[in-house]
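Derivation of every value follows stated rules applied to the coordinates shown; laboratory data play no part. Predicted model only: the values in this text are computed from it and were never measured. Glycine gets a Cβ as well: all are built from the backbone with ideal geometry, and neighbour counts include every protein chain shown.
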Amino acid sequence: MNSQEIFDKTFSRSFKGYTDTEVDIFLQKIAEEYADLEKKLAEYVSMDREISEALLSAQKAARNIIEAAKDDERKILEEAEESLATIKQEIVDSRVYYDSETKKVNDTIERQALDLRIKHALRIDEMRREVYELSTLRDSLTRDIKAMLDVNIQSLQSQLDSINSREDIGLQRRVKEKNIDSKLEYAPYAIEDVNAEEITSELPKLSFEE
């Protein structure tokens, strides 16, 4: 039943019944109030439908948001896992590269150190050979100089002996000449009696050999 049915409702007449006017006024008032209630009810129904639709929309939006958030979370987790895997791989690669470069540097240092030790040893051997050659050359020069000095000393000694010998011969000759002059001066015989061979045999023989 609605407000219009209440407003249109009629009743049969009977003796000593209610007054028609009062009944109509009351029914009209009831119909109007019922109409207000229907209007409000319709508004409430409309509001309830709108609220229900809004709730459904909100729930749907919430589900979409939740699903989108889950998708985003899944994507973020996947990206984070990929990034973590990439970082781990980069760390592994960096360690491998670091170990490789460290080994290269160590090998280079060891090789250079070995080269330096070899060069040092070769230089020491070369210096030892040079010292030995210089020592040998010094000994050889010393022997040659000593031999040359010995020869020069012997030559000088021979010259000195020759000079001394010539001086001795000259001195002896002067002494003999002086003795001959003395004999001639004090001889008891004449000059023609002097034997020339004896005089000449007593004169010293001159030597021109050095």
With a point put 7 Å past each Cα toward its Cβ, work out how far Ser83 is from Ser140 in nm, to one decimal. 8.2 nm
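What FRET efficiency comes out for Lys103 versus Ala69 if R0 is 45 angstrom and r is the Cβ-Cβ distance? Round to the nearest 0.05.
Efficiency for this residue pair is about 0.35.
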Using 0.36 nm times the number of residues separating Ser165 and Arg117, minus their current alpha carbon distance, what extension gain do you get? 10.3 nm
How much FRET efficiency would the formula 1/(1 + (r/R0)^6) give for Glu33 and Ser57, where r is the Cβ-Cβ distance and R0 is 45 Å, rounded to 0.05? 0.80
Karplus-derived 3J(HN,Hα) from phi for region 92-108 (6.51 cos²θ - 1.76 cosθ + 1.60, θ = phi - 60°), whole Hz, x at Gly and Pro, runs 4, 4, 5, 5, 4, 4, 4, 4, 5, 5, 4, 5, 4, 5, 5, 4, 5
Looking at the calculated P(r) for region 31-127, what percent of the C-alpha pair distances fall above 19 Å? 76 percent
Given the Cα atoms of region 16-63, and with Rh set as the inverse mean 1/r over their pairs in the Kirkwood sense, what is Rg to Rh to two decimals? 1.48
What is the Å³ per residue value for the convex hull set by the Cα atoms of region 104-170? 39 Å³
